[in-house]
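Reviewing the structure listed below.
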Amino acid sequence: MPYRARRFSLRSARMLVVLGLLTIGAAGLARGASNEVPVLTATGVVDNVMATYLEQGVAQAAADGSPAVIVQLNTPGGSLDATQGITSAFLTAKVPVIVWVAPSGGRAASAGTFITLAAHLSYMAPGTNIGAASPVGSNGEDITGTLGQKVRNDAIANITSIAETRGRPVDWAVSTVDKASSYTATQAVAAGAVDGIAGSVDEVLAQANGKVVKVNGVDTTVATAGATAVDTAMNPFQSFLHLLSDPNVAFVLFTVGVYGLIFEVMNPNFVTGILGAIAIILAFIGFGSLPLNVAGLLLLGLGVVLFALEAHVVSHGLLTAGGIVCFLLGASALYTVPGNPIGPDVGVATPVILTVTITMAVLMGLVTIMAARTRELRPPAGTVGVPVPLGTTGVVQAPLAPLGTVYLAGETWSARTKSGLALDRTTPVRLAGFDGLIAIVEPLAAGEQPTPPPAPVPLPADQP
């Protein structure tokens with residue numbers, strides 16, 4: 001390559017490198033100058049989906065150079081692993097994390113207490129509460145013995161460490177675990193557990209501005225003056241998975257799934273069976289984040305079994321009544337008080353229980369009525385299909401050797417003789433009984449002729 005051409009190539013390459021660095025630097029400055037504060041909405045049971053969502057949201061806010069990130073919290077509690085993941089992400093965040101317990105009437109119970117205390121700053125809307133993080137057994141009883149002491153001490157040590165790191169009152173934090181204490185927003189502010197009361201995101205931004213917090217051990221002044229709050233919701237897939245942890249949704253999915261499988265067994269069509277199986281799988285995904293009570297689940301199952309038996313057993317509605325009672329009790333006891341110190345205290349909503357139970361009662365009432373009518377339409381004893389009385393006479397069509405066919409009451413029936421005797425065609429026979437759909441016949445006595453079937457009744461002249 002000539003000298004001038006080589007020199008031009010080197011200059012061009014250097015220019016491209018410089019332009020690339022300038023572009024990257026400009027992008028970095030743009031990110032660093034971001035004045036948007038993402039608002040992450042954490043509502044419902046704390047599960048792994050919520051944990052991933054919050055961890056990613058905090059990391060993205062730091063990468064975008066946001067002055068802070070707000071977590072709007074309203075939870076009854078949740079998974080221990082998920083809560084530890086969230087508190088760890090908050091404690092190591094590279095951007096100020098602000099937890100806002102809202103809206104009014106919301107709460108930061110159980111796991112929510114740990115999450116709130118782990119934030120750099122925390123605020124509560126009027127009418128909210130925080131606390132009640134004491135460990136109890138799966139049925140709401142105190143955990144006694146060595147196991148109870150171990151669980152309690154671990155929870156106390158965890159919340160003590162978080163309170164010390166964030167400069168919160170340790171005794172107050174420990175009381176939420178040791179004594180299951182719960183506090184209103186005003187009480188929490190008075191104790192210094194949270195930084196203030198805020199009725200809106202704008203108030204949160206205004207109160208947080210100028211506060212000095214330690215971000216990764218470095219004193220950092222929160223600069224949210226003039227910042228714009230931007231809602232950053234879960235993506236559709238995360239929203240769907242998190243929805244499954246709703247106790248009402250999980251209950252309805254389980255109920256629909258069970259009845260889908262029952263309908264598949266009674267009327268095979270693959271569609272209801274597949275949909276029912278999918279609904280049950282989704283329900284158990286939700287149950288994994290909830291304090292499921294096995295006794296309640298068994299009561300629901302017993303109710304379903306009683307409903308299924310109603311269509312086959314003459315009970316005059318007693319099985320349906322028993323199924324409704326089991327279903328109602330099972331739905332009410334499907335979830336229990338959590339068995340870990342931060343588990344959710346949840347239950348199926350009363351309107352949902354009543355709606356589903358009444359719907360099931362109406363459906364099963366219709367099934368009971370239809371089953372009763374079907375039984376009334378059954379042919380008399382000793383007949384199958386079209387009523388054919390015992391003693392009806394006919395003739396052999398295909399030789400009975402020992403199985404063949406006979407002509408009885410105007411129809412052809414598979415038949416055999418009562419004694420196993422072989423009979424030729426045209427032999428007169430009399431119906432002695434049925435074995436399933438096989439007619440049991442016997443030959444007529446010598447000289448006895450079969451009675452001809454009744455002639456069909458002619459239609460009136462004015463009908464086709």
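Using the Karplus curve 6.51 cos²θ - 1.76 cosθ + 1.60 with θ = phi - 60°, work out ³J(HN,Hα) for each residue of region 414-419 in order, rounded to whole Hz, and write x for Gly and Pro.
5, 8, 8, 7, 5, 9
Between Lys418 and His316, take the C-beta separation as r, use R0 = 25 Å, and let me know the FRET efficiency to the nearest 0.05.
Calculated transfer efficiency: 0.10.
Could you list which residues have their amide H under 5 Å from that of Leu408, counting only those 5 or more apart in sequence or on another chain, with H placed in the peptide plane?
Those qualifying (amide H under 5 Å, at least 5 residues apart or on another chain) are Trp413.
On full extension of the chain, what length is gained from Ser161 through Asp64, given 0.36 nm per residue of separation minus the C-alpha to C-alpha distance?
Full extension of this stretch gives 32.0 nm more.
Could I get the Rg over Rh figure for region 244-376? Both from C-alpha atoms, Rh via Kirkwood, rounded to two places.
When Rh is taken as the Kirkwood radius, the ratio is 1.01.
What base-10 log of the normalised intensity I(q)/I(0) is obtained for region 35-239 from the Debye formula, alpha carbons as equal point scatterers, at q = 0.11, 0.16 Å⁻¹?
Computed log10 I(q)/I(0) values: -0.46, -0.99.
What list of ³J(HN,Hα) couplings, whole Hz, do you get for region 237-246 from phi and the Karplus terms 6.51, -1.76, 1.60, once you set θ to phi - 60° and write x for glycine and proline?
After applying 6.51 cos²θ - 1.76 cosθ + 1.60, I find 5, 5, 4, 5, 5, 5, 4, 5, 7, 5 Hz.
With a 10 Å radius around each residue's Cβ, average the other Cβ atoms per peptide and rank 211-218, 257-264, highest first.
257-264, 211-218
Want the number for Ser88 to Asn269: 0.36 nm per residue separation, take away the alpha-carbon distance, what's left?
60.2 nm
For Phe434, what residues show an amide H to amide H distance below 5 Å, using hydrogens built from the backbone and excluding near sequence neighbours?
Amide H neighbours of Phe434: Ile440.
Given a Förster distance of 45 Å, report the FRET efficiency between Lys214 and Thr350 from their Cβ-Cβ distance, rounded to the nearest 0.05.
After rounding, the FRET efficiency stands at 0.50.
Among all the aspartates and glutamates, which ones have a C-alpha under 16 Å from Lys214's C-alpha, if same-chain residues fewer than 8 places away are not counted?
Result set, ordered by chain and number: Glu164, Asp195.
Taking N as the number of residues in region 393-443, what is its Cα Rg relative to 2.2 N^0.38 Å?
For region 393-443, the normalised Cα radius of gyration is 0.91.
Ordered by residue, what ³J(HN,Hα) values in Hz, to whole numbers, does region 65-79 give under the Karplus form 6.51 cos²θ - 1.76 cosθ + 1.60, where θ = phi - 60° and Gly and Pro are x?
After applying 6.51 cos²θ - 1.76 cosθ + 1.60, I find x, 5, x, 5, 9, 10, 10, 7, 10, 8, 8, x, x, x, 5 Hz.
So, by mean Cβ neighbours within 10 angstrom, what's the order for 287-300, 35-48, 391-404 with the highest one leading?
The packing order, highest mean first, is 35-48, 287-300, 391-404.
Would you calculate the volume per residue, in Å³, of the smallest convex hull containing every Cα atom of region 34-105?
Given the Cα convex hull of region 34-105, per-residue volume reads 71 Å³.
Could you tell me the center-to-center distance, by alpha carbons, between region 226-274 and region 65-79 in angstrom?
Region 226-274 and region 65-79 have Cα centres separated by 24 Å.
On a full-extension model of 0.36 nm per residue, what is the gain between Val249 and Ser332, subtracting their alpha-carbon distance, rounded to one decimal in nm?
28.4 nm
A short reminder: the numbers here are calculations on the coordinates, not readings from a lab. Bear in mind that the values here come from a model prediction, so they are computed numbers and not experimental data. Backbone-built Cβ (ideal geometry, glycine too); neighbour counts: all protein chains shown.
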